[in-house]
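A short write-up of the structure that comes next.
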Amino acid sequence: MVYRDERVEPPPVDTITEDTASAVAETPEPESSSEMQISSSSSAQSVARVVPAPIVSSSSEPEPPPPVYCEEVPEGMLCDKRDGQMYRTVTIGSQEWMAQNLNYNAENSWCYENQNESCKIYGRLYSWTSAMGLDESFATTSAAAQLSREHQGVCPDGFHMPTSADMKSLVAYMKKHNKFEKERSGTLLKMKFSWMNSEEWPEGTDRFGFGAMASGFRNSKGVFRELGKDADFWVAEESKASASHAPYWNLYYDNDEFLGDYSKSKLYAYSVRCLKNKKH
């Protein structure tokens, strides 16, 4: 099934709509305490226990040091020391992936329809330069000299932005170890949750624990589209045809493959999945 870059705006999705999103109350500030635990649903990112560093009193009353994150991180979880958010991880073959979309609040990243509740469920959507951790000037000029091996970009320490070669390795491993002949790469990666139903293609099975959700995207004009239908992931590469474009990998609700034959303006905002660095 050929992926259509410009699609009709999808109908509302049960998992989150404008009505339901607007009805979500703002989360109040937590009361001060020596220990704080913030939890969320199993499908959303969570925050690790925060242990504030001791405040040294003095006559000048200096600013207290920032909190120390990522104490007592459960096994099979990644804790982002920048903000304390935790993510499930999964090992697929020789690769260890984040099993949830990144939700770090970087510049030029957005929640779908600018609703905070969307970020809690689907993670954030990043422009290509934001995903790569680069200046906005590289949205229209080549950043080839800036892309390093295992390029960290916006990923937490110890993880990096995947390349198309990494995505191909993921697909190759799943195909080799798939015990269900009728299930192709897209079906194997998708969760049942969040995707619209298709009469032509089977619903997701998430056999390998990747946990892909239909998080949609933000186009170059700032319009959010395809929630419930589409998931797109940036890779640490540029388009060979244009310095203002970059490749990405796509999952679509009425296609059962995970494909990387696409390129879009770096101003589009897509999801980010980080891959753990290899030991060299």
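Computed values, structure above
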| item | result |
| --- | --- |
| In Å, descending, principal axis extents of the Cα set of the range 200-275 | 37, 26, 23 |
| Violating pairs (Cα-Cα greater than 24 angstrom) within the set 81/276; 175/278; 229/266; 81/176 | 81/176 |
| Sorted by Cβ density within 10 Å, fewest first, the residues 80, 261 | 261, 80 |
| Exposure proxy order (Cβ contacts within 10 Å, fewest to most) of 121, 92 | 92, 121 |
| Amide N proximity, the range 195-218 versus residue 181 label position 7 Å along Cα-to-Cβ, cut-off under 19 Å | 202 |
| Length added when fully stretched, residue 193-residue 72, from 0.36 nm per residue minus Cα-Cα | 40.6 nm |
| Over 25 Å [Cα-Cα, the range 90-276], rounded percent | 29 percent |
| Tail fraction, Cα-Cα pairs, the range 92-165, threshold 17 Å, whole percent | 49 percent |
| Restricting the range 137-188 to trypsin sites (Lys or Arg not before Pro) in coil, as DSSP defines it, with at most 12 other Cβ within 10 Å | 149, 179, 182 |
| Ranking of 180, 159, 193 by count of other Cβ atoms within 10 Å, fewest first | 180, 193, 159 |
| Dipole-positive endmost among 122, 241, 172 within the range 116-248 (Cβ charges, Cα centre) | 172 |
| Amide H partners (placed H, <5 Å) of residue 109, local residues excluded | none |
| Karplus-derived 3J(HN,Hα), 6.51/-1.76/1.60, for each residue of the range 220-228, Hz, glycine and proline x | 5, 9, x, 9, 8, 9, 6, 4, x |
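Just so you know, all these numbers are worked out from the coordinates, no wet-lab data involved. Just so it is clear, the structure is predicted and the values come from calculations on it, not from any experiment. So basically every Cβ, Gly included, is an ideal-geometry build from the backbone, and we count neighbours across all protein chains shown.
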